[in-house]
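These notes are about the structure you will find just below.
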Protein chains: 2
Amino acid sequence: MNKVSPIGVFDSGIGGLSVLKQLMRFLPNEKFIYLGDTARVPYGNRTPEIIRQYSKECTKFLIEKGVKLIVVACNTASSVALDAIRSISDVPVIGMIQPAAIAAIRATNNGKIGIIGTRATIASKSYSNGILGLPDSNKVELISVACPLFVPLVEEGWLRHAVTRQVAVEYLSPLIENKTDTIILGCTHYPLLLPLLNELMLGVTFIDSGEHASVASLRQLAELDLLSGESTELLKKPEIKFYVTDVPTQFIDTALRFLGFATEHPEIVDISSI
Amino acid sequence: MNKVSPIGVFDSGIGGLSVLKQLMRFLPNEKFIYLGDTARVPYGNRTPEIIRQYSKECTKFLIEKGVKLIVVACNTASSVALDAIRSISDVPVIGMIQPAAIAAIRATNNGKIGIIGTRATIASKSYSNGILGLPDSNKVELISVACPLFVPLVEEGWLRHAVTRQVAVEYLSPLIENKTDTIILGCTHYPLLLPLLNELMLGVTFIDSGEHASVASLRQLAELDLLSGESTELLKKPEIKFYVTDVPTQFIDTALRFLGFATEHPEIVDISSI
């Protein structure tokens, strides 16, 4: 592994493409390998042992591809499997939880932090525990809200639909009433709803976990002197190789929605044999 | 100068506080010195020679304060005075133009890039020239629109007012008609209009110059091993010392609007004698 090695990103599915988008924004000169474990999505309903096993398989796959950094785009895997992943990785590993938790505490002015995510993520208390393990966390008030309809609405592409607005108003009302000034988007799909969320909650700081994980990745690579040099072809999109573990129904359409540009077809791989 | 030295930021006025906000987001462990040359704002209408002289005075002031990096938050100074500033600075200097120009070319998918700014910034062609000096710039189409009412509307605090919406629709219509997919916010005040702009132009990537200058600053400091360590007091806002060159009418109110939290009163300094 060296400066021109790719960065590896894995997620239980395709939601991690929103994290990849942020990585491309902050690390535009890098190459990427994206692995979506679509055969076994979602991880959220599985036991921690199984999630650790799947995460280690994803990790081994990326390491064999020669990555210089691994970004765990999956909130569930970041929450329960980060130590297991690090135990088998000889490259740095960045998860979703800690960078977002730190950013949320830093961003709040009134100490009221909201966390929104899938039912599984909220039930896992991963972000709450992430925040509670940090300095000054005793001075903040946390309020968590599960927003289970957001993922299907995003996958339907109804990012600004009247229905989505109505759903968001309903979900966000406890956060609005509580005068929460900072909200962690605890799900990889939610950044696509940001235009709507910003409209509904003006002045609230939304913490995009993928963005903060990307900044942490930039910092980590810079400190290790592992950033690749500036490209001279600015219009060219970064070189990204996509892998999935199951037939990628609608992958191209979804990738276009998440990344904003057309991607190559993903390659189907079997990682359970690794 | 060393890791715990502050980062210096200067602007012709208070607009640069939006750049400071981005710097705090990406470099939350740093100390900052902000200098607003409010006695001589705006720089946009002055001759390049005068702008260079003023910029050098700001630079000398910050260097005497022992900064480890200088961020030129002023678009006009970034445009015409960067070489003059660098010629007298022994620390790295980051301007507004190049990081935004690179980000815009990278972000566009259809090659249509819009630039919005004050009359002076648009007339100066600083962003157009910044883009035209880059690789692949011959493959993009630029369209520049001056939006002179945006600064007074932001200073009035009418960020989502019906009037501001009407003004924005009028200003942006050539960009909407042209199907521009990427727009550079070429003025430090404009990021405050982002919720409105995102609502009016869904799917367009807005390039916040301050954000990209901040990422460039993070990268530069990391590469020079000059990042300060992680703080253990996450709730505490970064240590910022504010200087202005004239009586700071409404500074506290404006700073609150730009930064999102209450700041200390600025100190008035005379930098023309430096």
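All of the numbers you see were taken from the coordinates with simple rules; none came from a lab. In this text the structure is predicted, and so the values were computed from the model without any measurement. Reconstructed Cβ throughout: ideal geometry from the backbone, glycine too, with neighbour counts over all protein chains shown.
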In nm, to one decimal, how far is the residue B:29 label point from the residue B:83 one, both placed 7 Å along Cα→Cβ? 3.7
Working from the alpha-carbon coordinates of segment B:124-183, get Rg over Rh, Rh being the Kirkwood radius. 1.06
Give the relative contact order (percent, whole number) for segment A:97-208; include only Cα pairs under 8 Å separated by 6+ residues. 36
Mean residue ellipticity at 222 nm from the helices of chain A, using -39,500 (n - 2.57) per DSSP H segment of n ≥ 4 over the full residue count, to the nearest 500 deg cm²/dmol? -12500 deg cm²/dmol
Whether segment A:84-161 is rounded, prolate or oblate, judged on the alpha carbon gyration tensor where a/c under 1.5 counts as rounded: oblate
Hey, which residue of B has the C-beta nearest the axis mapping B onto A, and what's the distance in Å? B:222, 2
Starting from the amide H of residue B:268, placed 1.01 Å from N in the peptide plane, find each other amide H under 5 Å away whose residue is 5 or more places distant or on another chain. B:244
Could you pull out every residue, at least 5 positions away or on a different chain, whose amide H is within less than 5 Å of the one on residue B:184? Hs are placed 1.01 Å off N in the peptide plane, and Pro or chain starts have none. B:114, B:115, B:116, B:207
With θ set to phi - 60° and the Karplus curve 6.51 cos²θ - 1.76 cosθ + 1.60, what are the ³J(HN,Hα) couplings of segment B:132-142 in order, to the nearest whole Hz, using x for Gly and Pro? 5, x, 9, x, 6, 5, 5, 9, 10, 10, 10
Kirkwood Rh, Cα atoms: Rg over Rh of segment A:186-249: 1.07
If you put a point 7 Å past Cα along the Cβ direction, how far is that point for residue B:256 from the same point in each other copy, in nm, smallest first? 4.8
Scattering profile of segment A:20-115 from the Debye formula, Cα beads only, expressed as log10 I(q)/I(0) at q = 0.11, 0.17 Å⁻¹, is -0.37, -0.82
Distances in nm from residue A:158 to the matching label points in the other copies, shortest first (labels 7 Å along Cα to Cβ): 3.6
Cα centre as origin, Lys/Arg/Asp/Glu Cβ charges: segment A:62-115 dipole, Debye: 220
I need the calculated FRET efficiency for the pair residue A:158 and residue A:125, taking r as the beta carbon distance and R₀ as 41 Å, to the nearest 0.05. 0.90
For peptide A:104-110, the mean count of other chain Cβ atoms within 10 Å per residue Cβ is 5
Quick one: pull the percentage of alpha-carbon pairs in segment A:97-208 with a separation above 21 Å. 29
About its Cα centre, what dipole magnitude does segment A:97-208 give when the only charges are +1 on Lys and Arg Cβ and -1 on Asp and Glu Cβ, stated in debye to the nearest 20? 180
Residue ranges of DSSP H helices in chain B that stretch 18 Å or more (Cα, own long axis) and have mean Kyte-Doolittle hydropathy of at least -1.0 are B:48-64, B:162-177, B:209-223
Can you list residues from other chains, or at least 5 along the same chain, whose modelled amide H is less than 5 Å from the amide H of residue A:13? A:37
Taking the Cα-to-Cβ direction at residue A:50 and at residue A:178 and moving 7 Å from each Cα, how far apart do the two end points lie in nm? 3.0
Quick check: the distance between the Cα centres of segment A:234-273 and segment A:53-73, to the nearest angstrom? 16
Rounded to 5, percent antiparallel among DSSP beta bridges of chain B: 0
Can you work out ³J(HN,Hα) from phi for every residue in segment A:83-95, in order, using Karplus 6.51 cos²θ - 1.76 cosθ + 1.60 and θ = phi - 60°, giving whole Hz and x for Gly and Pro? 5, 4, 5, 5, 5, 10, 10, 9, 10, x, 10, 10, x
Which three semi-axes in whole Å describe the equivalent ellipsoid of the protein assembly as shown, each the square root of 5 times a Cα gyration tensor eigenvalue, listed largest first? 37, 25, 24
Only Cα pairs under 8 Å and at least 6 apart count here; give the relative contact order of chain A as a rounded whole percent. 27
Simple SL model, points at 7 angstrom along Cα→Cβ for residue A:256 and residue A:272; separation in nm is 3.2
Each residue of segment A:188-199 in turn: what ³J(HN,Hα) in whole Hz from Karplus with 6.51, -1.76, 1.60 and θ = phi - 60°, glycine and Pro shown as x? 5, 7, 5, x, 5, 8, 4, x, 5, 5, 4, 5
Rounded to the nearest 5, the percent of DSSP beta bridges in segment A:97-208 running antiparallel is 0
In whole percents, the bins of 5 Å from zero upward hold the Cα-Cα pairs of segment A:1-52 as 5, 18, 24, 19, 15, 11, 7, 1
Once the other residues with Cβ under 9 Å from the Cβ of residue A:39 are scored (Lys, Arg +1; Asp, Glu -1), what is the net sum? -2
Could you check how many percent of all C-alpha pairs in chain B are farther apart than 30 Å? 26
20 Å Cα-Cα threshold exceeded, pairs from A:21/A:237; A:21/A:112; A:3/B:139; A:21/A:60; A:21/A:68: A:21/A:112; A:3/B:139; A:21/A:60
Going 7 Å from Cα along the Cα-Cβ axis for the label, what nanometre distances separate residue A:267 from the same residue across the other copies? 6.0
